[in-house]
Amino acid sequence: MADREDELLNHDYDGIQEYDNQLPKWWVYLFLCTIVFAVVYVGYYQFGPGLSQTEVLALEMAEMQKLAAVQAPAADSITEEMLLARASEPARLAAGQGIYAGKCLACHGPQGQGLVGPNLTDDHWIHGPLLTDMRRTVVEGVPAKGMLSWKALLSEEEIQNVVFYIHSLHGTNPPNPKQPEGTLAPAAS
Ligand code: HEC
């Protein structure tokens, strides 16, 4: 370093020569730190309690699934009777109407008479006339036909409320109905 004369090494590569300088202390310490870090890191993650990214992902997915199960009861635990019991509560119908106006009207028409999507007021159903059928269609959607899956966009509560609202439109015979689609099925009563 400063107390020592730069020493020119006695080799020569195409006219390029080099000094035998000592590495700066900060550089050496930094280098040693990286070695210590690597040993600790490998020890912790490879042999110790550290979790791999795959394990962290699996844990987070399990956590999410637990949450989802709490928020949305398993579909087969929702029965037609359960839905029917709530289907005519005015507060739910009002909430459902708001959701319908914001999210469904564009395709199913202002009165549910059908536009791009089928008429929701008649006795014909492509995916079944029951409240559980409608709920399933709204939750899962029919992506190939242009009906979205709403499960990521609406809560279970909101989905049920909008289904109740559609149910309340049944038999209202709005003007300019879309031609019946699907099979004639007795409406949910
Ligand atoms: C982008 C257009 C679009 C929007 C928005 C839309 N739908 Fe649909 N919907 C459709 C189409 C198209 C179908 C018919 C699917 C098929 O042919 O299988 C459908 C089918 C349905 C059915 C089944 C009808 C039957 O005959 O079985 C229900 C119930 C339904 N939609 C409810 C809703 C609700 C509730 C909303 C709002 C949250 C909504 N839809 C928003 C296009 C839409």
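For the range 150-162, the candidate set comprises residues that are at pLDDT below 95 and more than 10 Å from the ligand (Cβ to nearest atom); within that set, the residue that is farthest from Glu89 (Cα to Cα) is Ala152.
Among residues of the range 111-140 being more than 7 Å from the ligand (Cβ to nearest atom) and under 15 Å from Ile99 (Cβ atoms), the one that is farthest from the chain's Cα centre (by Cα) is Gly112.
Scan the range 163-178 for residues that are over 13 Å from Arg86 (Cβ atoms) and within 12 Å of the ligand (Cβ to nearest atom) and the total you get is 4.
A count restricted to the range 88-105 and to residues that are modelled with pLDDT under 95 and surrounded by 14 or more Cβ atoms within 10 Å (Cβ to Cβ) stands at 0. Six or more apart or on different chains, Cβ atoms under 9 Å: show the pairs whose first residue is in the range 134-155 and in contact (Cβ under 8 Å) with a residue 24 or more places away in the chain and whose second is within 8 Å of the ligand (Cβ to nearest atom) and of a type in the set (Phe, Trp, Tyr). Within 9 Å, the pairs are Met134/Trp125; Val138/Trp150; Val139/Trp150. Residue check: is His108 out of contact with any strand residue (DSSP E or B) (no Cβ under 8 Å at 6 or more places or on another chain) and modelled with pLDDT of 95 or more? So His108 fits the description; yes. You will find that of Ala91, Ala68, the residue that is more than 22 Å from the chain's Cα centre (by Cα) and of a type in the set (Gly, Ala, Ser) is Ala91 and no other.
The values are calculated or read from the model by the stated rules, or taken from the named source; none is laboratory data. Predicted, not measured: the structure shown is a model, and the values here were computed from it. All Cβ positions, even for glycine, are placed from backbone atoms using ideal geometry, and neighbour counts span all protein chains on display.
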